[in-house]
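One structure is given here, and the rest of the page talks about it.
The values are calculated or read from the model by the stated rules, or taken from the named source; none is laboratory data. Everything numeric in this text was worked out from a predicted model, so none of it was measured. Backbone-built Cβ (ideal geometry, glycine too); neighbour counts: all protein chains shown.
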Amino acid sequence: MDATLQRLRDSIASVYMGNARAVDRLLTCLLARGHALVEDVPGVGKTVLANALARSIDATFARIQCTPDLLPTDITGAAVLDRATGTFEFRPGPVFANIVLADEINRTTPRTQSALLEAMSEGQVSAEGGTHALPDPFMVVATQNPYEFEGTYFLPENQLDRFLMRIGLGYPSPDDEARILDVQPARTTLQSLEPVLSVEEVRGLQLRTDAVRLDRSLADYVIALAQATRDSDDLLVGMSPRGSLALAQAARATAILDGRDHVIPEDIVENVLPVCAHRVVTRTAMHEGDTLTARRIMQRILESVASPV
C-alpha cells in the first residue's frame, strides 16, 4: 500500500478499533469520490469511524445531527437579509465542507434527506435562484440505525443510489473490545487526532484512482453483472448504469489500496455486495430496508456470472 494511504489507515485505526475491512471500504469511497452510508446498531462506532476519517485529513469538516425537525435549509443554507445593504445574501449551510458527517440520517424526514441529493450527485447546491459549487473534494459520510428502531424514516431508492457503498460494521472482536475499554478512544485519542493528509494529497490520490486501467474484459464483466440483476426474476429493479459506474470506480480504488495500477477480477468481486446490494429492489421486499434478501440475491448473481481469467 502507498505510504500516504497507510498513514491515513493507521490514523483511523488508532481511534476506530473494530472492523478493519470497514476502514478500507471507507477509504475506497474517498478515493473513488463516492459517499458512504454506515449502517449498524447504536454503539458500535459509526460516528467514531466517520470522525476519525475527517480529523485525519486537513480539510473542512461539518457535522449535521439529523433530527425530525431539521429543515432542508438547515443543511444547504438560506438567504439572509443584510441590513446594511438592504439585500439578501446567501449564507452557506454545513453541507459546504470537504467532509460532511450526516449523523443518523434516517432520523430526519424524507424532505430534508432529499436536500442532500443534488449535493451528492452533482457537487453543487441550487438555492435562492443561484447555483453554488461545493468544495473539492466533497464526501458525505452518513450513519444510520436499523429501520426497526423507533423514530426512523426509510431512505428512498434515489437517495440510496447516491451512496457508493452501504457499510456494516458489526461487533468488535473480544480483543478489540478490550482495547476499547482500556483506551476509551472516543473520549481520548479522537480528541487529539492530528491530520496526516492534506486536501491536495487527497485530490492527487483521486486522480491516480481515475487513471487505474480497467481492461475491456473487466468492463464487460461489470456490465454482465448489471445485466444479470436486470434479468433476475427475484428483483423488481436491477442495477442502473450509475451502479455499473460505481462498481468500476470502486474496483479502481481497491486496486490503488492494493498498490496496483490496474484492476483485477478480485477487485470487482470484493465490491459487488457493498456497492450493488442497496441499488436493487427485491420483489418480496415491502421497502428498501430488506438488505439481507438483496445481499443473498446479489451473492447468487455473483456466483452465476463467470469472471474473466
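Out of the residues in the stretch 266-309 meeting the condition of being assigned to a helix (DSSP H, G or I) and either more than 17 Å from Gly243 (Cα to Cα) or aromatic (Phe, Trp, Tyr) (or both), tell me which one is modelled with the lowest pLDDT.
Taking the stretch 266-309 first, the residues assigned to a helix (DSSP H, G or I) are 266-279, 291-304.
Keeping just the survivors that are either more than 17 Å from Gly243 (Cα to Cα) or aromatic (Phe, Trp, Tyr) (or both) gives 266, 292-293, 296, 300, 303-304.
Values: Glu266: 97, Leu292: 79, Thr293: 85, Arg296: 92, Arg300: 95, Glu303: 94, Ser304: 94.
Per the stated criteria, the residue is Leu292.
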Q) Looking at Ala62, Ala102, which one is surrounded by 21 or more Cβ atoms within 10 Å (Cβ to Cβ), at pLDDT 90 or above and of a type in the set (Gly, Ala, Ser)? A) Ala102
Q) Residue check: is Asp210 exposed (fewer than 15 other Cβ atoms within 10 Å of the Cβ) and either out of contact with any Asp or Glu (no Cβ under 6 Å at 6 or more places or on another chain) or under 30 Å from Leu155 (Cα atoms) (or both)? A) yes
Q | Failed item in (1) within 27 Å of Leu8 (Cβ to Cβ); (2) charged (D, E, K, R); (3) free of Cβ contacts under 8 Å to residues at least 60 places away in the same chain, with Glu118 passing the rest | A | (1)
Q: Might you let me know whether the stretch 128-143 holds any residue that is at pLDDT 90 or above and in a helix (DSSP H, G or I)?
A: no
Q: Tally the residues that are over 20 Å from Leu5 (Cβ atoms), among the hydrophobic types (A, V, I, L, M, F, W, C) and touching a residue at least 40 places away in the same chain (Cβ under 8 Å), restricting the search to the stretch 181-202.
A: 3
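If you check Thr85, Thr60, which single one turns out to be out of contact with any helix residue (DSSP H, G or I) (no Cβ under 6 Å at 6 or more places or on another chain), in contact (Cβ under 8 Å) with a residue 12 or more places away in the chain, more than 23 Å from Pro172 (Cβ to Cβ) and among the β-branched types (Val, Ile, Thr)? Steps first, please.
Values: Thr85 fails: in contact (Cβ under 8 Å) with a residue 12 or more places away in the chain.
Selected residue: Thr60, the only one of Thr85, Thr60 that is out of contact with any helix residue (DSSP H, G or I) (no Cβ under 6 Å at 6 or more places or on another chain), in contact (Cβ under 8 Å) with a residue 12 or more places away in the chain, more than 23 Å from Pro172 (Cβ to Cβ) and among the β-branched types (Val, Ile, Thr).
Every residue, every condition in (1) in contact with a Gly (Cβ under 8 Å, 6 or more places away or on another chain); (2) outside any helix (DSSP H, G or I), yes or no:
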residue: Gln6; (1), (2): no, no
residue: Val15; (1), (2): no, yes
residue: Gly18; (1), (2): yes, yes
residue: Arg21; (1), (2): no, no
residue: Arg25; (1), (2): no, no
residue: Leu37; (1), (2): no, yes
residue: Val41; (1), (2): no, yes
residue: Ala78; (1), (2): yes, yes
residue: Leu101; (1), (2): no, yes
